[in-house]
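Novice: Below is the structure I would like to discuss, written out as structure tokens.
The values are calculated or read from the model by the stated rules, or taken from the named source; none is laboratory data. All figures in this text were calculated on a predicted structure; none of them were measured in a lab. Here the Cβ is made from the backbone with ideal geometry for all residues, glycine too, and neighbour counts use every protein chain on show.
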Amino acid sequence: MQRYLEIPVGRQKLAACLHLPAGGTSAAPMVICCHGLTGTRVGSAYRFVHIARRLEDAGIATLRFDFRGCGESDGRFEDVTLPSLCEDLRAVLAAAYEMAGGNFLKIGLIGSSFGAYTAARVAPSISGLRCLAFIAPVSDPKALAARDMPPEAWEYLRKKGWVDHHGLPLGKAFFDSMVDENVPAALAALGRPVLIYHGTGDRQVPIEQGRAYEAALLAADVHVQFEAVDASDHGLRNVLTCRRIEDGMAAWFAEFLR
């Protein structure tokens, strides 16, 4: 069963979809999907929708949402920052706990690209978090900005207040909100198992960004399953790859949430 929701965050609202298993309640184990920059709650190749429906059959609820400035949520993409992304995810978690009516929730997180970075940053504060699954995760956004932004791009950003990010204006506040922090180490300290898919030839977010999570988790003796995919597409949209990811995530969450 799928329900459409609007989740308040400040004076704005997030567009969301809640999938509940047949005969289930909002207190069922729940997976929350975090899309990447310029993404939406349907995911690449409708991946989040497909996974949510698979999890329904496994007795697991799923909550998909659009970050502010993305998809059908309120706000402007130009105003997106690292703190605003984390604030949005926390608002979604608060809504999930409220829907559970005070019952203890087992939570799983899916994060794609920058959504994985957001999920990793918020993870240490999530009550009931059991496991995570990442697709082409960002671990060091400052390194990506340094690689992708030539001097003329920084000058344009200074003058105009934004740069073009896949057809959307990414604002100066986003870059100003970047901080020096070791997110993989903080996630590893939490001790929760993580499943990671990353393309070996990913040109947008190199596989080394995903490997940083793997290295930190292994160093902390935390269970991590890293699936290197022979692909250069950041969204991993090959049909067989999509099926591999959907099968793997369905099994992953069934193991750690049920």
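Novice: In the range 196-213, what residues are surrounded by fewer than 23 Cβ atoms within 10 Å (Cβ to Cβ) and in contact with a Gly (Cβ under 7 Å, 6 or more places away or on another chain)?
Specialist: Ile207
Novice: Within the range 1-42, considering only strands (runs of 3 or more DSSP E) that don't extend past its boundaries, which have at least 1 residues that are of a type in the set (D, E, K, R) and under 17 Å from Glu98 (Cβ atoms)?
Specialist: 2-9, 12-19
Novice: Quick one: what pairs do we get from the range 143-156, first residue within 21 Å of Phe114 (Cβ to Cβ), second assigned to a helix (DSSP H, G or I) and at pLDDT 95 or above, C-beta under 7 Å, 6+ apart or different chains?
Specialist: Every condition considered, the pairs that remain are Ala145/Phe175.
Novice: Additional query: Consider Phe48 against the criteria (1) surrounded by fewer than 23 Cβ atoms within 10 Å (Cβ to Cβ); (2) closer than 26 Å to Arg244 by Cα: it satisfies all of them except one. Which criterion is unmet?
Specialist: Here Phe48 clears every test but (1).
Novice: Given (1) acidic (Asp, Glu); (2) part of a loop (DSSP other than H, G, I, E, B); (3) surrounded by 16 or more Cβ atoms within 10 Å (Cβ to Cβ), where does Asp221 come up short, assuming only one miss?
Specialist: Of everything listed in (1) acidic (Asp, Glu); (2) part of a loop (DSSP other than H, G, I, E, B); (3) surrounded by 16 or more Cβ atoms within 10 Å (Cβ to Cβ), Asp221 misses just condition (3).
Novice: Go through (1) outside any helix (DSSP H, G or I); (2) farther than 27 Å from Glu181 by Cα; (3) in contact with a helix residue (DSSP H, G or I) (Cβ under 6 Å, 6 or more places away or on another chain); (4) touching a residue at least 40 places away in the same chain (Cβ under 8 Å) one by one and return the number of the condition His50 breaks.
Specialist: Unmet condition: (1).
Novice: Let me ask something additional. Among the candidates Phe253, Phe226, Phe175, which residue alone is buried (at least 18 other Cβ atoms within 10 Å of the Cβ) and over 25 Å from Arg54 (Cβ atoms)?
Specialist: Answer to the selection: Phe175.
Novice: Also, quick follow-up: Whether any residue in the range 191-199 is within 18 Å of Cys86 (Cβ to Cβ) and among the hydroxyl-bearing types (Ser, Thr, Tyr) is what I want to check.
Specialist: No: zero hits.
Novice: Got a sec? Which strands (runs of 3 or more DSSP E) wholly within the range 60-144 have at least 3 residues that are of a type in the set (A, V, I, L, M) and modelled with pLDDT of 95 or more?
Specialist: Qualifying strands (runs of 3 or more DSSP E): 107-112, 129-135.
Novice: Looking at the range 182-192, is at least one residue farther than 20 Å from Ala120 by Cβ and either in contact with a Leu (Cβ under 6 Å, 6 or more places away or on another chain) or assigned to a helix (DSSP H, G or I) (or both)?
Specialist: no
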